[in-house]
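**Q** Input: one structure, supplied below.
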Amino acid sequence: MKKHNHLIDLGDYPVEIWNRIVTSAQLIMKNPHVYKGACTGKIMATLFYEPSTRTQMSFQSAMLRLGGGIIGFDNPETSSISKGENLGDTTKTISGYSDLVVMRHYLEGAAKAAALTADCPIVNAGDGGHLHPTQTLTDLLTLIEEKGRLSNLKIGICGDLKNGRTVHSLVRAVSQYEDNSFVFISSPELQMPDYIARTVDYRKTHTIEEAIPDLDVLYMTRIQRERFPKDSEGKKEYERQKNIYSLNADKLKVAKQDLIIMHPLPRVDEIAVEVDSDPRAVYFRQANYGMYVRMALILTILNDDIDMKPQSLSGEATAECPNLKCVTNYEESLKRSFAEGKCEYCEEKIDKYTQ
């Protein structure tokens, strides 16, 4: 069986590959015409089970600019999923029609599940509140372009850190570079998960004002309505959390002049519109960088010049994953697997498991 170059988690790649993709993106930015036609005859499928603007359209634009074609859906209700087709059957079928599948899903671990049986490379474009590796590649390019380095940075991350797949991936990645530290700014209910936080140099605070004077980077995120329970209690909790953090011009008065303000977008009310005109606000340029990173990633994967670990399961389990958003609790055909005390799909810590 062919080993495909999936991108499920950046941690599956060595740092040298991350750097190569970012450098390739910089070259594409400088000479985009050179890459026109580089993917002629190739087809990319975009399977978006959740709404998206930037990720979906930047991937589609990236492939079109490289001369390839695109198929897919942005609403699963228009596909056979509405008839009850399971994830494995959908991705197995569509991977036979395409050279690359880019998938966003509301369940954590869904991209990993798809990669186990797909007949072409799978790219994780966000799996629930778990990971978002291509946003992280975008963020690395943004840091290089706007700060000139990936090391010796103090990065404040503010908002929904519990459910924020973009910041989970970012913290994991940036911690692999030297002398970086983090300030996690969140309410007690939305703190960074322990499996992320325990591996990095960080401190916590509950206010932007306390953190901002020392920061080189402020990474804002929205409070994500879609990650809260749909019942009445979940709606009340979202209403309580949504207005806690808001960055405005007044709060920026004590910030460094070379601070950069990032945001994966979309924003709701966590950054005032008045901040857009501040030269330190780079989030719209950050969104543009995403297209070039995805062009570089597509070329890297399709050129088959990287040595990837095959997607496989190393553990066994008979218990259910306690994460109610884990793909294994919805896809009956999936083999559950726990290794090193955590679910191999969503990384939820497991107290009791069998191997």
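**Q** What list of ³J(HN,Hα) values in whole Hz, one per residue of the range 139-149 in order, does the Karplus curve 6.51 cos²θ - 1.76 cosθ + 1.60 (θ = phi - 60°) give from phi, with Gly and Pro shown as x?
**A** 5, 5, 4, 4, 4, 5, 6, 9, 10, x, 6
**Q** Take the chain, connect every pair of alpha-carbon atoms lying under 10 Å apart with a spring to form a Gaussian network, then pick out the residue of V282, V123, V327 with the largest mean-square fluctuation.
**A** Highest fluctuation among the options: V282.
**Q** Anyone know which of R285, R198, R294 comes out most mobile in the 10 Å Cα GNM of the chain?
**A** With Cα springs under 10 Å in the chain, the top fluctuation among R285, R198, R294 is at R198.
**Q** Additional query: Quick one: which residues, 5+ away or cross-chain, put their amide H under 5 Å from the amide H of I70? H built at 1.01 Å from N.
**A** When sequence neighbours closer than 5 places are left aside, the close amide H contacts are M44.
**Q** Taking amide H positions as placed 1.01 Å from N in the peptide plane, with prolines and chain starts having none, which residues 5 or more places from I260, or on another chain, fall under 5 Å of its amide H?
**A** Those lying under 5 Å, H to H, from I260 are V217, L218.
**Q** If amide hydrogens are placed 1.01 Å from N in the peptide plane, which non-local residues have theirs closer than 5 Å to the one on S52?
**A** Amide H neighbours of S52, under 5 Å, 5+ apart: none.
**Q** Also: Can you give the longest run of the chain that contains no GluC sites (Glu not before Pro) sitting in a DSSP loop with at most 15 other Cβ atoms inside 10 Å?
**A** The answer is 179-315.
**Q** Return the sequence-ordered ³J(HN,Hα) values of the range 207-218 in whole Hz as given by the Karplus equation 6.51 cos²θ - 1.76 cosθ + 1.60 applied to θ = phi - 60°, using x for Gly and Pro.
**A** 9, 5, 4, 5, 8, 5, x, 9, 7, 8, 9, 10
**Q** Then there's this: Tell me whether the range 93-198 comes out rounded, prolate or oblate; compute the Cα gyration tensor, take square roots of the eigenvalues as a ≥ b ≥ c, and use a/c under 1.5 as the rounded threshold.
**A** Oblate is the answer for the range 93-198, as a/c is 1.5 or above yet b/c matches or exceeds a/b.
**Q** Right, another one. Compute the FRET efficiency between K36 and A249 as 1/(1 + (r/R0)^6), taking r as their Cβ-Cβ distance and R0 = 45 Å, and round to the nearest 0.05.
**A** Computed FRET efficiency for K36 and A249 comes out at 0.60.
**Q** Grab the other residues whose beta carbon is less than 9 angstrom from that of K256, score K and R as +1, D and E as -1, and report the net.
**A** -2
**Q** Which residue, D179, D12, D127, tops the fluctuation ranking in a GNM of the chain built on C-alpha contacts under 10 Å?
**A** Of D179, D12, D127, the most mobile in the Gaussian network model is D179.
**Q** Report ³J(HN,Hα) in whole Hz for each residue of the range 272-279, in order, from the Karplus equation J = 6.51 cos²θ - 1.76 cosθ + 1.60 where θ = phi - 60°; Gly and Pro get x.
**A** 5, 4, 4, 6, 4, 7, 6, x
**Q** Here's another thing I want to ask about it. Roughly how many whole Å is it from the C-alpha centroid of the range 104-139 to that of the range 159-225?
**A** 21 Å
**Q** When DSSP beta bridges are limited to those with both residues in the chain, what percentage is antiparallel, rounded to the nearest 5?
**A** 10 percent
**Q** With r as the distance between the Cβ atoms of S333 and S181 and R0 = 45 Å, compute the FRET efficiency 1/(1 + (r/R0)^6) and round to 0.05.
**A** Using R0 = 45 Å, I get an efficiency of 0.55.
**Q** Still on this structure, I have one more. PRE reach from Q26 (point 7 Å along Cα→Cβ): which of the range 265-300 fall under 19 Å by backbone N?
**A** In the range 265-300, the label zone of Q26 (backbone N under 19 Å from the point 7 Å along Cα→Cβ) covers 285-300.
**Q** For an R0 of 45 angstrom, estimate the FRET efficiency from the Cβ-Cβ distance between S80 and E274 and round to the nearest 0.05.
**A** According to the calculation, E is roughly 0.45.
No lab work stands behind these numbers, since they all come straight from the coordinates. Predicted, not measured: the structure shown is a model, and the values here were computed from it. Don't worry about glycine lacking a Cβ; one is built from the backbone with ideal geometry, like all the others, and counts go over all protein chains shown.
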